[in-house]
Amino acid sequence: MKQKIKKMLLLELGIVFLVLILFLFVNFNMVRFLPPCPIYHFFGILCPNCQGTRCVMNFMLGNFSASFFYHPIFFITIVYLMIVNILFIINAFRKKEILTFLYPKTKFWIIFLVALGIFTVIRNIL
């Protein structure tokens, strides 16, 4: 196995470990103690990240429908990145890689930012 792949696998395992630590040791009632969004507080409009923390917390608790309704863009991105990470780990051990077209490229980030901008505008209008 190449050295680069070994480093990436260690990074993947570290991320999984950190998520498990967060899930096991963080009290999810602490969300109410987080500071309010400064953009919403001062200007009264929802920023692109508003409700993102609640989306991630509900996702980690397994409340997928609530997570989706808090912030659909974040929910879809979390699921996408989980699939890509699983594919990366699988492809690291295979000779012939599968579904590499799903790996994020520049156009993925452009689509993500455009969708996030559109979602933010629509959410503030409605």
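Bear in mind these aren't lab numbers, they're just calculated from the coordinates by the rules spelled out. Quantities reported herein were computed from a predicted structural model and do not represent experimental measurements. Here the Cβ is made from the backbone with ideal geometry for all residues, glycine too, and neighbour counts use every protein chain on show.
Values as computed for the structure displayed
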{"item": "Answer from 87, 102 - the residue that is of a type outside the set (Ser, Thr, Tyr), in contact (Cβ under 8 Å) with a residue 12 or more places away in the chain, in contact with a Leu (Cβ under 8 Å, 6 or more places away or on another chain) and surrounded by fewer than 14 Cβ atoms within 10 Å (Cβ to Cβ)", "result": "102"}
{"item": "Residue 74 being surrounded by 10 or more Cβ atoms within 10 Å (Cβ to Cβ) and in contact (Cβ under 8 Å) with a residue 12 or more places away in the chain", "result": "yes"}
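Quick grid of which residues meet (1) more than 30 Å from residue 44 (Cα to Cα); (2) over 17 Å from the mean Cα position of the chain (by Cα):
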| site | (1), (2) |
| --- | --- |
| 64 | no, no |
| 76 | no, no |
| 81 | yes, no |
| 84 | yes, no |
| 98 | yes, yes |
| 102 | yes, no |
| 113 | no, no |
| 118 | no, yes |
